[in-house]
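None of the figures in this text is laboratory data; all of them are computed from the coordinates on show. Keep in mind the model is a prediction, meaning the values are calculated, not measured. Glycine also receives a Cβ, built like all others from the backbone with ideal geometry; neighbour counts cover every protein chain displayed.
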Amino acid sequence: MTYRSPLLDHPGAVPADEPDAAVAWHYGDPMREQRALATSAGWVDRSHRGVLTVSGDDRLTWLHSLTSQHLAQLPDGAASEALVLDPHGHVEHHVQLADVGGTVTLDVEPGTVTALAAYLDSMRFWSKVEVTDESDRVAVLSIVGPETAAAIGAVGAVPPSAGRAVAFDGGLVRRMSWPGVDAADLLIERSRVAGVVGRLTDAGVEAAGSWAFEALRVADRRPRLGFETDHRTIPHELGWIGPAVHLDKGCYRGQETVARVQNLGRPPRRMVLVHLDGSGNRLPKHGAAVEVGAREVGFVGTAVWHHELGPVALAVIKRNVADDAVIDIGGIPAAIDA
């Protein structure tokens, strides 16, 4: 059965497009929702994300060997992100994770959890680990904005410091420094989502849809798997070195490509923020070609209307395209924000 978030019954909810069709695009006023995330706090329904847990004595060293992140000595309560690469160094999965109380909880893009779980399960061999798909039981609800700490307190949790996670009332609060000024993900039982949203709403935390969340992500130049990636994406192209890729760790699948590009310093493409001509009141579709003259130089990932910047997009273009190049995206003039 196709998942549909119960929060789509929240007043004003308008469904998003795929792959976010299971949650709200906005709740009636997307620009107000963006301003709430930027200036106060809002809750964002991300319950369509997949959730996995990895338990067992070898969980950290095992994940360390399979991903791009240094996880072998990850402290209890520490939050991080990581990539799973293919043998050629192309990005297959992007995960957010935290190790709390002897269990690593990972969440991933909608529609990718089954493939990731299958890959992890195939790599267990003699390792003392157990991989469990918790997507039917656990939902992700994000709180975004400078008043995130107060919002976390309103649901009875202790706000962790940035980059940390803590258990609360059968769930998990994972504090991250993005998007916006501050943010946290609540990973809670699905049966509790409506109650938690009610407490947040009573505390003055506004509802915000995926439009608002994506607009902040684009403005902050943060890539998203399946939007700014394609079958040949490597981490250097999208700024994932550092946040999701540790350059000082042992061997993992795809590491040779990461090391080679790092040493040469010449990734074939780069991700840029572009400002779009808004006079036509339209946005390019995902995957639309970016052109300089008659030459195709890249593609558009995510295009959004931002409450301050206007129409903007993340595009992946050839490395040698000049910052002052005149570009065209499906008949829409655009300029690179250097």
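On the Cα set of the range 50-133, report Rg and Dmax in Å, please.
11.6, 35
Excluding same-chain residues fewer than 8 positions from residue 285, which lysines have a Cα within less than 23 Å of its Cα?
Reachable lysines: 318.
Just to be sure I understand the model, the point goes 7 Å from the Cα along the line to the Cβ. What's the resulting residue 178 to residue 326 distance in nm?
Those two pseudo-labels are separated by 3.3 nm.
Out of all Cα-Cα pairs in the range 196-272, roughly what percent, to the nearest whole number, are more than 17 Å apart? Mind showing how you got there, number by number?
Working: 1715 of 2926 pairs.
Counting every Cα pair in the range 196-272, those more than 17 Å apart make up 59 percent.
Mean separation of Cα pairs under 8 Å and 6+ residues apart, divided by the residue count of the range 198-338: what relative contact order is that in percent?
Numbers: 221 pairs, mean separation 36.1, N = 141.
Value for the range 198-338: 26 percent.
Relative contact order of the range 268-338: what whole-number percent is it, with Cα pairs under 8 angstrom and at least 6 residues apart? Before the final figure, lay out each step's value.
On the way: 158 pairs, mean separation 29.8, N = 71.
Result for the range 268-338 is 42 percent.
Determine the dipole magnitude for the chain: charges of +1 sit on the beta-carbon of Lys and Arg, -1 on that of Asp and Glu, nothing else is charged, the reference point is the Cα centre, and the result goes in debye to the nearest 20. Show your work: numbers first, answer last.
Details: 31 positive and 43 negative charges, 102 e Å.
Taking the Cα centre of the chain as origin, the dipole is about 480 debye.
Of 279, 142, how do they rank once you tally other Cβ atoms within 10 Å and put the fewest first? Each step should come with its number before you reach the end.
Working: 279 9, 142 22.
Going from least to most buried by this count: 279, 142.
Mean separation of Cα pairs under 8 Å and 6+ residues apart, divided by the residue count of the chain: what relative contact order is that in percent? Don't skip to the answer; put the middle values down first.
Numbers: 768 pairs, mean separation 61.7, N = 338.
Averaging sequence separation for qualifying contacts and normalising by length gives 18 percent for the chain.
Just to check, using Stokes-Einstein with a Kirkwood Rh over alpha carbon pairs, what's the diffusion coefficient of the range 242-326 at 20 °C and 1.002 mPa s in µm²/s? Write out the running numbers ahead of the final one.
On the way: Rh = 15.1 Å.
In µm²/s, the coefficient rounds to 142.
When N is the residue count of the range 1-73, what does its C-alpha Rg come to as a fraction of 2.2 N^0.38 Å? Before the final figure, lay out the partial values.
Details: Rg = 17.8 Å, N = 73, 2.2 N^0.38 = 11.2 Å.
Output field value: 1.59.
Set the Förster radius R0 to 22 Å, insert the Cβ-Cβ distance between residue 123 and residue 3 as r into 1/(1 + (r/R0)^6), and round the FRET efficiency to 0.05. Numbers along the way, then the final one.
On the way: r = 27 Å, r/R0 = 1.23.
Efficiency, from the Cβ-Cβ distance: 0.25.
Kindly give Rg over Rh for the chain, based on alpha-carbon atoms, with the Kirkwood expression for the hydrodynamic radius. Don't jump to the answer; show the numbers that get you there.
Working: Rg = 19.9 Å, Rh = 20.7 Å.
Here the Rg-to-Rh quotient is 0.96.
Taking the alpha-carbon distance from residue 249 and a cut-off under 23 Å, which lysines remain once sequence neighbours fewer than 8 residues away in the same chain are dropped?
Qualifying lysines at Cα under 23 Å: 128.
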